[in-house]
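Note sheet for the following structure.
The numbers here are math on the coordinates, done by the rules we state, and not lab data. All figures in this text were calculated on a predicted structure; none of them were measured in a lab. Using ideal geometry, Cβ is built from the backbone for each residue, glycine included, and neighbour counts are taken over all protein chains shown.
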């Protein structure tokens, strides 16, 4: 059982369990013996109770975590305004793609525009996906008549999804991704990168890009059949490869994403600031040229 990502503010995240870790045992029983559904079931429980989890990390280290279960805030869209001496930048984090996300995303963008943000940092770190349709809807809000994603079936036939003309925000953007960015969030990140809409900063993403159909084989068994795969607008296959950021960041994770000690956000903020300053210089140069004419 491999961890794709941990939920923000969860006991697992606070304990230091990360994307790529393997769950070896839960309360002393191997995950291989339990299977996927029973492993997930044993991890869950009433708030205040504990569960012992044995983790095998990518470095080969075996660790045990005695985690106390508690309710986790699943607010999928979170925003704040960042301000320095020169510019006002919006920070928007999406933790998962649930059914409510497109509407909440639009509301968050509107709130940030009312606060006169000049640029946007979109944080998709540790977003393991969810509803692909929600991820595509968010991309649609940021792109104007551009390809969002392609699907390719077993016969090699491709089908592209194109965004609508209207956009909800057209200012400069930076999108943060890491190895916990997977599935629907990779589709969104890939569409923004391939269309030149946003610079990607961070780590190589997870690489989860298959479309599967589940078929029941009885009361307690079934089979997942891969029927198609997701490609970015430029035809890059996400599955097993992930997406390479435009700018790699080799920085430690913050204790809380978007907080004052989050160096990833600070790097994105500085980069956006430089883009905004270039735009101001370009506008001033254009105005001078017009005056000369």
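Between residue 29 and residue 165, the modelled labels are 5.9 nm apart [label points 7 Å from Cα along Cα→Cβ]. Multiplying the residue separation of residue 64 and residue 1 by 0.36 nm and subtracting their alpha-carbon distance yields 21.1 nm. Less than 13 Å from a label point 7 Å out along the Cα-to-Cβ axis of residue 73: which backbone N atoms in region 1-25 qualify, by residue? Within reach of a label on residue 73, which here means backbone N under 13 Å from a point 7 Å along Cα→Cβ, region 1-25 contributes 8-10. Compactness of the chain, taken as the C-alpha radius of gyration over 2.2 N^0.38 Å, stands at 1.11.
For region 118-158, go through all pairs of different Cα atoms, get the mean of 1/r, take its inverse, and jot down that Kirkwood value in Å.
12.6
Can you give the relative contact order of region 11-68 as a percent, counting alpha carbon pairs under 8 Å and 6+ residues apart? Rounded, it is 39 percent for region 11-68. Within region 189-231, name every residue whose backbone N is under 17 Å away from a label modeled 7 Å from Cα of residue 239 along the Cβ vector. Answer for region 189-231: 206-215, 223-231. Working from the Cα coordinates of region 178-278, the gyration tensor eigenvalues give, after taking √(5λ), semi-axes of 34, 17, 9 Å in decreasing order. Taking region 67-85 and a reference point 7 angstrom along Cα→Cβ of residue 49, the backbone N atoms nearer than 13 Å belong to 68-70.
Under 1.5 on a/c is rounded, so check that first for region 11-68, then, if it is not, pick prolate when a/b is larger than b/c and oblate when it is not; a ≥ b ≥ c are the square roots of the alpha carbon gyration tensor eigenvalues. Here region 11-68 falls in the oblate category. Taking the DSSP beta bridges with both ends in the chain, the antiparallel portion is around 70 percent. Ellipsoid semi-axes for region 113-233, based on the Cα gyration tensor and the rule √(5λ), read 29, 16, 13 Å when sorted largest first. Protection proxy ranking for 241-250, 29-38, 191-200, using the average of other Cβ atoms within 10 Å per residue and placing the highest first: 191-200, 241-250, 29-38. When each of the peptides 263-271, 91-99, 153-161 is scored by how many other beta carbons lie within 10 Å of its residues on average, the order from highest to lowest is 91-99, 263-271, 153-161.
Could the peptides 166-172, 105-111, 5-11 be put in order, highest first, of the mean number of other beta-carbon atoms found within 10 Å of their residues? Don't jump to the answer; show the numbers that get you there.
Values: 166-172: 15.0, 105-111: 17.0, 5-11: 19.3.
Ranked from most to least packed, the peptides come out as 5-11, 105-111, 166-172.
Once the Cα-Cα distance is subtracted from the 0.36 nm per residue extended length, the residue 22 to residue 220 segment shows a gain of 68.8 nm. Each stretch of four or more DSSP H residues adds -39500 (n - 2.57); spread over every residue of the chain, this sum gives -9000 deg cm²/dmol at 222 nm.
Give the whole-number value, in cubic angstrom per residue, of the convex hull volume spanned by the C-alpha atoms of region 1-139.
Normalising the Cα hull of region 1-139 by residue number yields 142 Å³.
Counting neighbouring beta carbons within 10 Å and listing from fewest to most, the residues 206, 56 come out as 56, 206.
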